[in-house]
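Asker: Below is the structure I would like to discuss, written out as structure tokens.
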């Protein structure tokens with residue numbers, strides 16, 4: 001019996017009903033599914049029954065050998081490909097063609113992988129299991145206390161849904177937190193014409209102190225008069241909090257701040 005390794009944040013999903021719900025959440029007729037962290041291959045076994053080609057990336061060499069043996073016939077039939085690698089270090093291989101991402105993500109790396117998939121034009125969407133606290137940050141709506149930069153980065157590229165919670169008892173060993181499955185279908189790109197990294201820095205400033213006003217947070221990097229003018233024009237309170245502004249208005253404010261900066265630079 002293989003033991004879960006703490007250094008890889010491993011918790012093996014054992015609940016059959018949860019596995020079925022994850023499979024049911026995945027769109028039909030996908031040509032290519034990428035699974036990150038297949039573990040003992042329990043979910044993989046269900047994925048290979050779907051149409052299309054499955055590619056798995058497993059960082060644990062011991063698990064990799066177990067998977068090669070377990071899925072020898074599927075690999076031989078070219079229904080399944082398994083790579084022993086860190087997914088974040090192998091993203092060029094993942095992104096060589098369009099794909100849909102499926103994963104039970106370790107908590108320590110979940111946010112980075114989701115953000116990587118969101119920014120990857122080859123990724124059509126994802127169904128992933130993550131810590132519920134993080135799932136809420138990605139799926140929250142404007143006005144929710146959990147609404148954050150992560151929800152905006154998801155919202156500019158698609159629709160994020162928290163599908164269901166997963167109790168600790170669904171895993172072996174049991175984690176100390178509640179998990180949740182989220183689905184993001186990427187059906188738009190509102191960042192076209194914007195510099196993505198610059199927008200991320202802007203959001204980081206906006207949410208730097210969530211309990212403070214948006215005006216106070218952003219005035220460190222953007223002229224206070226510009227923010228006040230924007231909020232007044234949009235009939236918004238000058239004391240509005242970061243979680244109360246919607247995705248469209250964040251994009252609009254970012255665009256106006258960017259134009260203002262460009263005009264200031266050109267006038268020098």
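Asker: Give the residue, chosen from 16, 55, that is surrounded by fewer than 22 Cβ atoms within 10 Å (Cβ to Cβ), modelled with pLDDT of 95 or more and touching a helix residue (DSSP H, G or I) at 6+ places or on another chain (Cβ under 9 Å). Spell out how you get there, then give the answer.
Answerer: Values: 16 fails: modelled with pLDDT of 95 or more.
Matching residue, one of 16, 55: 55.
Asker: Considering region 92-110 alone, what residues qualify as being under 19 Å from residue 39 (Cα atoms) and outside any loop (DSSP other than H, G, I, E, B)? Quick ask: steps written out before the conclusion?
Answerer: In the first step, residues of region 92-110 are kept if they are under 19 Å from residue 39 (Cα atoms); the result is 94, 100-110.
Correct list: 94, 100, 101, 102, 103, 104, 110.
Asker: Would you mind finding the one in 115, 162, 126 that is within 15 Å of the chain's Cα centre (by Cα) and buried (at least 19 other Cβ atoms within 10 Å of the Cβ)?
Answerer: Working: 115 fails: buried (at least 19 other Cβ atoms within 10 Å of the Cβ); 162 fails: buried (at least 19 other Cβ atoms within 10 Å of the Cβ).
Selected residue: 126, the only one of 115, 162, 126 that is within 15 Å of the chain's Cα centre (by Cα) and buried (at least 19 other Cβ atoms within 10 Å of the Cβ).
Asker: Could I ask something else about it? Could you figure out which of (1) over 22 Å from residue 13 (Cα atoms); (2) surrounded by fewer than 22 Cβ atoms within 10 Å (Cβ to Cβ); (3) at pLDDT 95 or above isn't true of residue 84?
Answerer: So residue 84 meets the others, but not (1).
Asker: Search region 186-204 for residues that are on the phi < 0 side of the Ramachandran plot and pair each with any residue that is surrounded by fewer than 12 Cβ atoms within 10 Å (Cβ to Cβ) and not in a loop (DSSP other than H, G, I, E, B) when their beta-carbon atoms are under 6 Å apart and the residues are at least 6 apart or on different chains.
Answerer: none
Asker: So which of 207, 194 is modelled with pLDDT of 95 or more and out of contact with any strand residue (DSSP E or B) (no Cβ under 8 Å at 6 or more places or on another chain)?
Answerer: Numbers: 194 fails: modelled with pLDDT of 95 or more.
207 is the lone residue from the list that is modelled with pLDDT of 95 or more and out of contact with any strand residue (DSSP E or B) (no Cβ under 8 Å at 6 or more places or on another chain).
Asker: Okay, moving on. Filter region 165-191 down to residues that are touching a strand residue (DSSP E or B) at 6+ places or on another chain (Cβ under 7 Å), more than 20 Å from residue 16 (Cα to Cα) and surrounded by fewer than 17 Cβ atoms within 10 Å (Cβ to Cβ), then give me how many there are.
Answerer: In the first step, residues of region 165-191 are kept if they are touching a strand residue (DSSP E or B) at 6+ places or on another chain (Cβ under 7 Å); the result is 165-166, 170-172, 177-188.
Filter once more, so that each one left must be more than 20 Å from residue 16 (Cα to Cα): 184-188.
Cutting the leftovers down to surrounded by fewer than 17 Cβ atoms within 10 Å (Cβ to Cβ) gives us 185, 187-188.
So the count comes out to 3.
The values are calculated or read from the model by the stated rules, or taken from the named source; none is laboratory data. Source: prediction; values computed, not measured. Here the Cβ is made from the backbone with ideal geometry for all residues, glycine too, and neighbour counts use every protein chain on show.
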